[in-house]
Amino acid sequence: MSLNSVVESVTARIIERSKVSRRRYLALMERNRAKGVSRPRLACGNLAHAIAASASDKPELMRPTSTNLGIVTTYNDMLSAHQPYGRYPNQIKLFAREVGATAQVAGGAPAMCDGVTQGQEGMELSLFSRDVIAMSTAVGLSHGMFEGVALLGICDKIVPGLLMGALRFGHLPTILIPAGPMPSGLPNKEKQRIRQLYVQGKVGQDRLMEAENASYHSAGTCTFYGTANTNQMMVEIMGLMMPDSAFINPNTPLRQAMTRSSIHRLAEISLNGEDVRPLAQCVDEKAIVNAAVGLLATGGSTNHTIHLPAIARAAGIIIDWEDLSRLSAAVPLMTRVYPSGSEDVNAFNHVGGMPTVIAELSRAGLLHTDIMTVSRGGFADYACRASLQDDEVVYTHAKPSLDRDILREVSAPFKADGGIKLMKGNVGRGIYKSSAISEEHLTVEAPARVFHDQHDVATAFQNGELEQDVVVVVRFQGPEANGMPELHKLTPTLGVLQDRGYKVALLTDGRMSGASGKVPAAIHVGPEAQVGGPIAKVRDGDMIRVCAVTGQIEVLVDAAEWDARDVVPPPPPALGTGRELFALMRSVHDPAEAGASAMLAQMDRVIETVGDDLH
């Protein structure tokens, strides 16, 4: 089928907007390839340092035409999703030797868990960690020892950070290698029910702890369709991992075989391989649009309305929320995976998973099928299901969904649109995710209750102060204020109020988690309060309209009065838990719509200064 006209027009819009920045990016990547640091160009002393501990691999590493793969790992054994990566480097080295290549760990990057830091002071470092991961990736690759890159990462800010760093070494072929979701435990809806009972004081901490342990119970990614699993969907639909590798459980024969297959393929597409495929050529405007379409069709995390612009910018591509909103109107919601449904990603994968989604979207003309991917057969390979046969990964064409309550075809979706809406009004611009919102809650008009700290919301709830229709406004939560923490801890509290029959919505310049669901939320509102955005004018009792149907976030006061109002001054910066170390990053952050990255903001200023004169 021919390409959908909206997908085509949005892609053209992005290409035109990115013409200069993309040209400069590709020129810089060509400079990296032709003149940048690389193993054949290292002096003897440089190379000797890099191979001193390489034992039997030394002879190969000294050959300039050999292939050495750099591993950037975000392993730690505190994150269930990343714990399996502890064994990967040794496995990868063995798999590389099978095809005459070598592999070295180029470096490690931090991997924090938003589940651990949710509602805690450490969450204010979460978004900053993405820039740290990108810079850590760059540090590892700066040694110039590698002809290809294996990225080991799964969760929240980690995959975007790895890609942002790797894209600045885009002359190198790159593959992301996942570790997979944990087996299903306590159903996510039951977990949410227990959380709401706990908020109401109807169950104690022992019962809550029992439920949490039954939900998060083993190695692997959390099984709800939050940011971590949206990352995996996104990388697969961009063609940057082996087909159908996103959602295979850890510690299974197929998972290990897929890792082996990934390394064999990485050697083939490496700089000295037979089928060179640089990352800079794989991540183009069409691949970014594919990622956006996948986000919308699967009801993925709103965090990617920040991450996708940041990843794109690292490749010289500029996208905005208008692009996402236009695509959302054309891309139907095909899945119901928690929090927008009752089943988890394991069930989604069982009934067809990514191969079925990609096959359906491709047939409907909603994806660019002509992008360069890491797979030999191109994008068509991603519409195929992987299985194990005689210890080798084999592929068969994707089949229709086995359960239409979880995954549907494009012609009969759960919703006609992808559920990401650009919201505008006198309070600013923001994002709204409607895929998990019931129709009766798409429009909320209620008085405001204003807070500057998420914990004060819980206190007000416990004191009975929120027993009414209410738009909860939580401000000074943007990137420049405090690093833009997720406010997912508000979800059970606001969910209880909604269940009691009140009209409830959240309005914030902060973020919500990819696990947030049924409560209407206008998030990422900018300009943020910290820089004097209009959200800093809102007062308790103001009537506010949050309408996903019209895309409206409006404080319903007289325009003259609104214009005359002063903004409230920011609270003092919070200290402790290392937050003071990131003051510099807070001071130079870009807005959320541009990706909320201090690193990219400064990078773009430097590139603009140099312009096209790389010499």
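A few comments on the model shown:
- For the pair GLU98 and HIS264 in one chain, pulling the backbone fully straight at 0.36 nm per residue adds 59.0 nm over the alpha carbon distance.
- Our estimate of slack between THR459 and SER342, defined as 0.36 nm per intervening residue step minus the Cα-Cα distance, is 39.1 nm.
- The residues neighbouring ARG429, those whose beta-carbon lies less than 10 Å from its own, together hold a net charge of -2 under the Lys/Arg +1, Asp/Glu -1 convention.
- Given charges at Cβ of Lys, Arg, Asp, Glu: the range 230-351 dipole, positive-most of LEU266, LEU254, ASN290: LEU254
- Taking 0.36 nm per residue of sequence separation and removing the Cα-Cα distance, the ALA52/ARG376 pair yields an extension gain of 113.2 nm.
- Angle between the chain longest axis and helix 285-297 axis [Cα atoms, degrees, rounded to 10]: 50 degrees
- Probe 1.4 Å, protein heavy atoms only - accessible area per residue of the chain in square angstrom: 37 Å²
- Taking a Cβ cut-off of under 11 Å around PHE95, the surrounding Lys, Arg, Asp and Glu residues balance to a net charge of +3, with basic ones at +1 and acidic ones at -1.
- Relative contact order (%) - the chain, alpha-carbon pairs under 8 angstrom, separation at least six: 15 percent
- Positive-end residue of SER38, ALA27, GLN104, charge dipole of the range 12-165 with Cβ unit charges: ALA27
- The range 255-270 - phi-based ³J(HN,Hα) in whole Hz, Karplus 6.51/-1.76/1.60, Gly and Pro as x: 4, 5, 5, 5, 4, 4, 4, 4, 6, 4, 5, 4, 5, 5, 9, 5
- The distance from the alpha carbon centre of the range 344-372 to that of the range 171-189 is 16 Å, rounded to a whole number.
- Amide H to amide H, with H built 1.01 Å from N, MET423 comes under 5 Å of GLY430, ILE431, TYR432, counting only residues 5 or more places away or on other chains.
- Cβ-Cβ distance of ALA27 and ARG363, R₀ of 35 Å, FRET efficiency by 1/(1 + (r/R0)^6): the value works out to about 0.40.
- Tensor-based shape of the range 445-589 (alpha-carbon gyration tensor, a/c under 1.5 rounded, otherwise prolate or oblate): oblate
- The chain, accessible surface, carbon-and-sulfur percent (1.4 angstrom probe): 54 percent
- Among the listed pairs LYS157/LYS503; LYS202/LYS489; LYS35/LYS58, those with a Cα-Cα distance over 29 Å are LYS157/LYS503.
- Once all protein chains are placed together, SER387 keeps about 50 Å² accessible to a 1.4 angstrom probe.
- Derived scalar couplings ³J(HN,Hα) [the range 335-352; Karplus, 6.51 cos²θ - 1.76 cosθ + 1.60; whole Hz; x for Gly, Pro]: 10, 10, 10, 3, x, 8, x, 8, 8, 9, 5, 5, 5, 4, 5, 5, 8, x
- Qualifying trypsin sites (Lys or Arg not before Pro) for the range 334-379 [loop in DSSP, other Cβ within 10 Å: at most 15]: ARG376
- In Hz, Karplus ³J(HN,Hα) per residue of the range 568-580 (6.51, -1.76, 1.60; θ = phi - 60°; x = Gly, Pro): 6, x, x, x, x, x, 7, 10, x, 6, x, 4, 5
- FRET efficiency, ALA559 to ALA214 (Cβ-Cβ, R0 51 Å, nearest 0.05): 0.45
- Within the chain, percent of DSSP bridges classed antiparallel, to nearest 5: 45 percent
- Amide proton proximity set for ILE544, modelled H, under 5 Å, gap of 5+: ALA446, ALA448, LEU556
- Set of aspartates and glutamates with alpha-carbon distance to LYS93 below 14 Å, sequence-local pairs under 8 removed: ASP57, GLU60
The values are calculated or read from the model by the stated rules, or taken from the named source; none is laboratory data. Please read all numbers here as calculations on a predicted model, not as lab measurements. As a convention, Cβ positions derive from the backbone with ideal geometry for all residues, glycine included, and neighbour counts pool all protein chains shown. Quick note on the areas: whole protein, heavy atoms, side chains included, nothing else; ligands and nucleic acids left out. Shrake-Rupley method; radii C 1.70, N 1.55, O 1.52, S 1.80 Å.
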